[in-house]
Amino acid sequence: MNTLPACQAPDRRLISLQSTGLIAQCLTERGLPVEPLLAGTGIALEDLVHPARLITPAQEQQVFANAARLSGSRLTALKLGQRMRISAYGQLGFAMLSSATLGHAIQVMLSHPNMLGSYFRLSAESYDGATTALCASDYRQSPELHLFNLELCLSSIKAMLDDVLGHPLPLQAVHLNVPGPIHADRFTEFFGDCPVLSEQPCSALVFSRDWMAAPLPLADSVTHWEALEQCRLLEARFTRAGSPLVEKVIAELRQNLDAPPQLEDLAARFHCTSRTLRRHLNQSGQGYQQLLDELRSEKAKTLLAQKNVPVAHIAEQLGFSEPASFRHAFKRWTGLSPRTWRQRQYPANFCPA
């Protein structure tokens with residue numbers, strides 16, 4: 001088996017507002033308000049008109065959770081991916097379009113994970129010299145959003161490759177490493193007439209390896225070189241530089257979620273001003289409250305996964321004076337009550353407490 005270089009954007013990264021803007025546009029087209037889409041994200045409506053603004057993966061994942069709840073359609077992620085055309089990826093799109101062959105374009109895509117913004121480790125694998133599988137693996141986000149993220153990933157990559165070729169890429173199969181969704185019969189609208197195989201070792205778009213050598217209609221060596229140079233410069237923009245001060249804040253909050261210190265107390269503890277601490281947090285893409293909410297949400301989900309841990313105990317562990325306050329906060333973070341989230345994610349461990 002031959003494998004092209006794999007890619008997965010690092011955890012410490014920033015993401016463009018591209019997907020959020022597209023979802024907002026879709027809601028607007030359907031006559032739905034955009035404000036609920038941004039609930040609990042820290043993203044303001046006015047941010048959507050500033051495409052240069054970058055957000056964190058946690059913010060985008062909250063947008064996806066809100067979109068899945070608001071849309072009322074199981075096809076939301078597939079439709080969104082289909083609308084993410086190659087031109088939406090800026091210099092990465094130009095570098096792919098101007099590549100000599102489809103194989104070269106895929107290699108460019110895999111070499112710039114930050115600009116691609118995927119939540120999966122992507123790799124192109126060749127089996128027996130006849131078939132290529134563009135695989136998406138190593139998912140590390142919320143289990144509840146696994147299918148949404150997977151469908152968005154595969155649908156958007158299919159749209160990109162279609163644009164690069166100038167016509168639809170014929171697929172031999174779509175592999176999913178999850179149980180087949182009840183809307184699998186609609187996949188032909190997004191991936192063409194090919195089988196959808198569920199519970200496979202790896203999720204993938206599978207096509208004939210012959211397509212890797214297919215010449216691209218917009219190939220241009222000069223444009224390609226210039227676009228690659230811009231990609232090299234822009235890739236760093238999407239990588240969030242680590243701040244030792246922010247890391248200290250995270251460690252301190254994690255150890256004291258039952259009684260989280262105020263920002264002013266943290267600043268005094270680390271011998272800096274509140275203004276300096278806020279600046280470091282903002283440069284990392286998160287404010288104090290957003291960071292605290294993210295850590296609380298992470299700990300809450302870990303505790304909810306444990307059998308027979310009452311919600312009241314979890315609320316106490318996270319510093320909430322009343323279980324009702326925790327329930328309200330958790331619904332703001334995830335769109336679900338703790339009870340419903342636990343029941344959906346871990347039905348075998350479901351505890352009605």
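The values are calculated or read from the model by the stated rules, or taken from the named source; none is laboratory data. Please read these numbers as outputs of a predicted model, since none were measured by experiment. Neighbour counts are summed over all protein chains in view; Cβ atoms, including those assigned to glycine, are modelled from backbone coordinates with ideal geometry. For accessibility, only protein heavy atoms count, side chains too; no ligands or nucleic acids. Shrake-Rupley method; radii C 1.70, N 1.55, O 1.52, S 1.80 Å.
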TODO: Count the DSSP beta bridges whose two residues both fall in the chain, then state the antiparallel fraction as a percent rounded to the nearest 5.
DONE: 90 percent
Open item on the list: If you count only protein heavy atoms with a 1.4 Å probe, what accessible area per residue comes out for the chain, rounded to a whole Å²?
Closed with: 47 Å²
Open item on the list: Quick check: Cα centre of region 168-209 to Cα centre of region 263-281, how many Å?
Closed with: 50 Å
Task: the chain: relative contact order as a whole-number percent, Cα under 8 Å and 6+ apart - done: 19 percent
Task: Accessible-area ranking of Asp293, Asp138, largest first, probe 1.4 Å - done: Asp138, Asp293
Task: Sum of -39500 (n - 2.57) over DSSP H runs of 4+, divided by residues of the chain (222 nm, nearest 500) - done: -14000 deg cm²/dmol
- [ ] Rank Leu161, Leu37, Thr131 by how far each Cα sits towards the positive end of the charge dipole of region 35-164 (+1 on Lys, Arg Cβ; -1 on Asp, Glu Cβ) and give me just the farthest.
- [x] Leu37
Open item on the list: Could you put Trp333, Trp211, Trp225 in order of accessible surface area, largest first, with the 1.4 Å probe and the full protein assembly present?
Closed with: Trp225, Trp211, Trp333
Task: Farthest toward positive dipole pole in the chain [+1 Lys/Arg, -1 Asp/Glu at C-beta], among Pro170, Met96, Gln82 - done: Gln82
- [ ] Pop out the carbon and sulfur fraction of the accessible area of the chain as a percent, whole number, probe 1.4 Å.
- [x] 52 percent
